[in-house]
Amino acid sequence: MTGSLPRLAQTTMRHVRRIVVFVRRKIVAFNELWRYSLQFRVTVSTLALSSAVVFVLGMVLQNQITDRLMETKQNAAIAQTRAVVETAAGELVGVGTEGTEALTARMNNALKKISSSSTSQDGAGSTAGTFEPVLSAGGRDQSSRPVAAGPYDKVPVRLRQFVETEQLSWMIHTATEADGGKTTYLIVGAPVSTMINPLQLYLLYPLTSEQNTVSTVQNTLLVGGLVLLLLLAGITNLVTRQVVRPVRQAAAAAEQFADGDLDQRLAVLGEDDLAKLAVSYNGMAASIQRQIRQLEDFGGLQRRFTSDVSHELRTPLTTVRMAADVLHASREQFPAGLARSTELLVDELDRFEALLGDLLEISRLDAGVEELSAELIDVRPIATRAVEQVRVIAGNAGSSVELILPDEEAPAEVDARRVERILRNLLANAVDHSEGNPVVLTLAVNETAVAITVRDRGVGLRPGEAELVFNRFWRADPSRNRRTGGTGLGLAISQEDARLHGGVLDAWGETGHGACFRLVLPREQDTPMGESPLVLPPPDHKATDTHGSSSGLLEVRPAPDAIFAEPEEVGR
């Protein structure tokens with residue numbers, strides 16, 4: 001028995017927990033339905049208010065019917081009691097001289113007379129109904145139990161006290177029957193005038209029929225109220241549905257329109273307010289569709305123009321390049337000023353050639369014709385090549401480049417050419433704005449993503465500029481000269497390359513504390529890349545002093561004297 005109690009308690013707790021979970025789920029489902037369904041809210045609100053109205057109305061009707069029923073019963077019972085009192089007085093004239101047994105006998109005979117007269121009155125249409133008569137002899141001054149005939153114990157003491165003071169009184173009282181049941185009576189008591197002994201007459205009118213009538217009224221009101229509430233709920237649901245359905249159709253059409261289905265329209269039925277809403281929506285959708293088509297046509301013309309111009313400029317550029325190379329090869333024979341002009345001409349031609357290449361690249365990206373040639377390779381050599389290609393530029397700018405790589409391989413499905421171009425652009429941009437401070441490239445991987453950050457400690461970015469650095473030809477300071485000769489499209493192309501991989505390229509910076517660009521790519525194509533292994537802002541951004549010097553970083557390596565290809569970049 002002792003061991004069964006813990007098992008019973010555990011079983012009870014499991015059932016309680018299941019009930020709690022079930023109730024919570026229902027509450028959550030109700031809350032969700034309440035929040036997102038206008039039709040449900042209107043129906044429930046109407047049902048709740050209607051329930052309150054029906055309840056109040058039912059209570060008022062029930063009280064009115066009960067009060068009127070009892071008032072009629074009471075008036076009839078009092079009138080009938082007065083008539084019975086006269087009959088009893090005639091039967092009990094001169095009572096009081098005999099003994100107790102004779103008095104009881106006379107009282108019983110009087111009760112029989114009263115009962116027979118009540119039966120005849122009932123046949124004539126008495127409104128008070130049947131009753132049980134009770135006679136008692138005695139008064140307030142009697143110390144012993146009075147002599148009584150009939151069910152005297154059913155008469156309450158408080159009513160006796162009033163009647164014994166010669167007052168006609170009545171009371172509703174529930175008495176216990178001989179079989180143990182309970183019956184509610186309307187008891188009317190009145191004094192009976194005799195010459196010697198004071199007598200009291202009590203008539204007990206059972207309220208069974210009235211109680212049945214009240215129960216019938218209650219059941220009728222309850223059933224009628226429930227039916228009325230169900231009808232109100234159905235009507236409200238139907239009416240609300242007529243209003244909500246067009247709104248839902250409009251919301252669905254708007255979602256499809258936003259997803260690119262510009263031909264989506266609403267059906268116009270009738271001439272009511274909802275029809276006017278549909279007409280207005282269709283007009284707005286048609287106007288937006290025309291504007292979008294115009295913008296698409298304009299964008300297509302712009303991209304085609306850029307591509308055509310870039311292609312057309314290649315032929316004259318090739319001719320100018322050949323002439324410039326001839327002049328540049330013979331610059332030692334020219335005067336000093338002319339030789340310097342020849343060098344500047346070659347430099348600008350290099351930049352112009354890079355600009356044409358970037359314009360063609362970004363026009364292909366805009367047209368969506370670029371394809372990703374991804375293969376599973378180790379990303380570390382790509383980062384190493386990108387760093388080596390900018391070391392000469394970094395050396396000329398007085399900066400150094402540090403490379404932090406993981407010890408183990410970092411394989412990922414990437415397009416090596418595009419990733420290397422992204423890193424060259426980021427490194428060249430960092431060198432251009434590092435103010436001679438070191439630049440650090442960090443690579444890290446986790447199970448789903450590979451991340452690369454390029455951190456500089458130069459001028460940094462002002463608030464809001466981190467979202468602008470990827471705009472085409474955007475520069476934070478237009479008066480600032482570029483050290484690397486970038487085209488202004490490098491970061492924009494890099495961002496498009498990152499998106500083509502399914503990755504993200506973002507930036508962080510603070511004025512005087514440098515900037516940090518982060519590239520995050522998925523390790524497998526068509527697989528979510530999850531959380532980045534490197535965070536922004538970088539962990540060391542709080543350890544930077546006001547002069548931009550680094551604290552807690554590894555020592556950087558000096559730049560070698562080898563010559564590498566010039567990268568693409570965009571100025572901040």
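Taken together, the values in this text are just the output of simple stated rules run on the coordinates, not laboratory data. Values in this document were obtained by computation on a predicted structure and should not be read as measured data. Glycine also receives a Cβ, built like all others from the backbone with ideal geometry; neighbour counts cover every protein chain displayed.
Computed from label points 7 Å out along Cα-Cβ, the spacing between residue 346 and residue 18 is 8.8 nm.
Going by neighbour counts of Cβ atoms within 10 Å, the residues 348, 402 line up, fewest first, as 348, 402. The residues 517, 131, 22, when put in order of fewest to most other Cβ atoms within 10 Å, stand as 22, 131, 517.
Taking the number of Cβ atoms within 10 Å of each Cβ as an exposure proxy, the fewest-first ranking of 280, 136 is 280, 136.
The value for the range 240-293 of Rg(Cα) / (2.2 N^0.38 Å) is 1.14. Starting from the Cα of residue 154, draw a straight line to each of the lysines and keep only those under 19 Å, dropping any in the same chain fewer than 8 residues away. Qualifying lysines at Cα under 19 Å: 112, 182. Binning all Cα-Cα separations of the range 396-468 at 10 Å, short to long from zero, yields these whole-percent fractions: 17, 44, 31, 8. Give me the base-10 log of I(q)/I(0) for the range 374-543 at each q in 0.12, 0.17, 0.19, 0.20 Å⁻¹, Debye formula, one uniform scatterer per Cα, rounded to two decimals. Result of the Debye calculation: -0.49, -1.01, -1.28, -1.42.
For the range 158-269, the equivalent ellipsoid built from the Cα gyration tensor has semi-axes of 74, 13, 11 Å, listed from largest to smallest.
Panel values: the range 5-117, Kirkwood radius from alpha carbon pairs, Stokes-Einstein at 20 °C and 1.002 mPa s, translational diffusion coefficient 98 µm²/s.
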